[in-house]
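Here's the structure, in structure tokens; my notes come after.
The values are calculated or read from the model by the stated rules, or taken from the named source; none is laboratory data. These numbers were taken from a predicted model, which means no experiment stands behind them. Here the Cβ is made from the backbone with ideal geometry for all residues, glycine too, and neighbour counts use every protein chain on show. These accessible areas exclude ligands, DNA and RNA; they are computed on the full protein's heavy atoms, side chains included. Shrake-Rupley method; radii C 1.70, N 1.55, O 1.52, S 1.80 Å.
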Amino acid sequence: MKLDDVISTPAFAADPFPAYRELQEKYPVQWSDSWNCWVVTRYDDVRTCLQDAKRFSNVGRITGLFHRLFDPAQLAQLKPLIDHYSHGLINIDPPGHTRIRRLLHEVFRPSTIIRYRDFVQAFVNEALVKSLPTGKLTVVRDLAHPLPVHVIARLFGVPVADVPLFTAWSAGIVAFMQSPTPTLEVCLHSQQALLDLRAYLRRGILERQTTPLDDVLSLMVHARSEGDALTEDEILGTAVTILLGGHETTTRLLTTTLLELARHPEQQESLRRNPYLMETAVEEFLRFAGPFHRDQRVAAIDTEIGGQHVHQGDFILLLLAAANRDPRHFPDPDKFDLARTPNRHVAFGFGPHICLGAPLARLEMGIAVGSILQATKSFKVASDQIDWEFGFLRGPRELELELRN
Ligand code: HEM
């Protein structure tokens with residue numbers, strides 16, 4: 001099977017897992033002309049790439065795309081975008097990365113995250129109060145999209161009135177990542193959104209240097225470890241990653257999870273009756289419905305992965321969602337099993353760059369899904385026709401649920 005033959009078919013977007021399995025069995029590391037990179041599907045190989053930064057680097061994972069696609073004059077137009085993606089947490093390797101992570105650990109402590117519990121619960125309650133009397137929930141519009149963006153806005157102390165701006169910047173920046181071959185026009189659009197967001201956040205950073213507030217942005221500005229502090233550029237780079245990484249991902253995970261619970265009424269009912277299973281269930285949501293399908297690394301040296309020789313500078317796409325269904329690691333991998341243990345999925349990545357916001361995502365998921373289950377007797381999908389958006393993230397563009405209460 002050639003991945004290139006199926007990549008852009010609607011059947012692949014609707015259900016990529018049969019193709020993932022075939023790749024895993026027959027061509028675990030396959031070259032894709034369409035994506036212009038190696039595609040890695042087996043769990044062990046994916047974990048090796050995520051773990052081994054000396055061979056599989058984060059440097060150039062985004063900027064390399066621009067250098068492959070555009071000529072020098074076009075690259076000059078994209079300088080601010082390229083500069084942004086040349087620095088910052090997710091674009092660098094240890095030891096520079098370890099230094100920033102150490103400072104961020106001071107910020108993203110469990111005690112910081114737990115302070116957002118009441119806000120998340122109140123937000124979900126408000127969405128349900130509006131939806132329950134109608135017997136319908138328009139999931140993306142009414143809950144899965146606004147919830148994470150409001151949570152992140154709160155992390156950054158952004159007033160509610162500015163949340164629409166935040167939402168638009170997030171969608172604008174992420175636009176160039178949704179295709180492996182974005183046009184110059186799309187990249188320029190993303191660049192403008194990025195510049196606007198950076199200018200907005202820069203004002204917030206300056207204010208907090210003199211007057212700290214009760215938010216994560218203030219904690220980043222004032223984080224200290226062994227006399228070290230984050231620079232303004234590092235705070236900006238991390239903040240943009242938090243906005244993109246914490247918003248678009250959670251939206252898609254929540255939507256796909258509710259779809260799967262609607263498709264599996266017996267699992268839905270079991271979780272409704274046994275809410276104490278939620279912690280284990282959230283890990284299965286991440287494994288089975290995880291939104292982050294395509295992670296990236298760049299070969300730092302000539303090396304080998306899964307028996308395949310790769311050259312220094314080659315791009316490597318790690319199909320996290322395929323790894324999470326690898327039968328070598330997960331018994332009965334296509335079964336949605338909310339009691340599955342152990343469940344060492346890679347939905348949050350693995351190794352040095354493992355998701356910084358995982359505790360927050362788990363908190364949002366547990367509260368949102370738990371509240372919907374407790375407020376309803378059952379729910380099902382209004383239509384089986386799902387329009388899937390499938391870039392490096394995958395999820396339904398919208399999902400209508402019929403609620404019975
Ligand atoms: C369902 C929700 C989420 C998923 C599936 C997810 C997934 C991931 C993955 C796979 C990575 C590793 C990328 C790599 O190694 O290349 C990552 C990194 C990251 N995530 Fe998340 N994420 C989620 C939610 C969040 C939230 C809520 C935040 C913050 C509030 C966040 C912030 C970050 C940051 C800052 C990084 C970069 C860490 C580093 O480079 O050291 N994520 N995420």
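Return yes or no: is LEU286 within 16 Å of the ligand (Cβ to nearest atom), modelled with pLDDT of 95 or more and assigned to a strand (DSSP E or B)? Steps first, answer last, please.
On the way: within 16 Å of the ligand (Cβ to nearest atom): yes; modelled with pLDDT of 95 or more: yes; assigned to a strand (DSSP E or B): no.
Spelling it out, it is not the case that LEU286 is within 16 Å of the ligand (Cβ to nearest atom), modelled with pLDDT of 95 or more and assigned to a strand (DSSP E or B).
Of the residues GLY313, GLY349, which is part of a loop (DSSP other than H, G, I, E, B) and within 16 Å of the ligand (Cβ to nearest atom)?
Values: GLY313 fails: within 16 Å of the ligand (Cβ to nearest atom).
On inspection, the qualifying residue turns out to be GLY349.
Just the residues that are within 14 Å of the ligand (Cβ to nearest atom) and polar (S, T, N, Q), please, taken from region 19-62.
Result: THR48, GLN51, SER57, ASN58.
Among what's in region 352-395 and is part of a strand (DSSP E or B) and within 16 Å of the ligand (Cβ to nearest atom), pick the residue that is nearest to ILE242 (Cα to Cα). Break it down into steps so the answer makes sense when it comes.
Residues of region 352-395 part of a strand (DSSP E or B): 378-381, 388-390, 393-395.
From what's left, within 16 Å of the ligand (Cβ to nearest atom): 389-390, 393-395.
On the way: GLU389: 21, PHE390: 21, LEU393: 15, ARG394: 18, GLY395: 19 Å.
If we take residues in region 352-395 being part of a strand (DSSP E or B) and within 16 Å of the ligand (Cβ to nearest atom), then LEU393 is nearest to ILE242 (Cα to Cα).
Failed condition for ILE242, given (1) aliphatic (A, V, I, L, M); (2) within 12 Å of the ligand (Cβ to nearest atom); (3) open to solvent by 20 Å² or more (accessible area, probe 1.4 Å); (4) modelled with pLDDT of 95 or more, with all others met?
All conditions pass for ILE242, except number (4).
Scan region 3-21 and give yes if some residue there is buried (at least 16 other Cβ atoms within 10 Å of the Cβ), over 30 Å from GLN385 (Cα atoms) and small (Gly, Ala, Ser), otherwise no.
no
Residue-wise test of (1) closer than 15 Å to THR241 by Cα; (2) open to solvent by less than 50 Å² (accessible area, probe 1.4 Å); (3) not basic (Lys, Arg).
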| residue | (1), (2), (3) |
| --- | --- |
| VAL46 | no, yes, yes |
| PHE56 | no, yes, yes |
| ASP71 | no, no, yes |
| LEU81 | yes, yes, yes |
| LEU89 | yes, yes, yes |
| PRO95 | no, no, yes |
| ILE100 | yes, yes, yes |
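May I ask you to list the residues in region 54-70 that are in contact with a helix residue (DSSP H, G or I) (Cβ under 7 Å, 6 or more places away or on another chain) and assigned to a loop (DSSP other than H, G, I, E, B)?
Once the filter is applied, which keeps residues that are in contact with a helix residue (DSSP H, G or I) (Cβ under 7 Å, 6 or more places away or on another chain) and assigned to a loop (DSSP other than H, G, I, E, B), region 54-70 yields ASN58, VAL59, ARG61, ILE62, PHE70.
If you check every pair at least six apart or on different chains, which have Cβ atoms under 6 Å apart with a residue in region 345-361 that is modelled with pLDDT of 95 or more first and a residue that is among the β-branched types (Val, Ile, Thr) and within 7 Å of the ligand (Cβ to nearest atom) second?
The qualifying pairs are PHE348/ILE354; ALA361/THR250.
Filtering region 265-276 down to residues that are open to solvent by 40 Å² or more (accessible area, probe 1.4 Å) and part of a helix (DSSP H, G or I), which residue is farthest from LEU320 (Cα to Cα)?
For region 265-276, the residue satisfying everything is ARG273.
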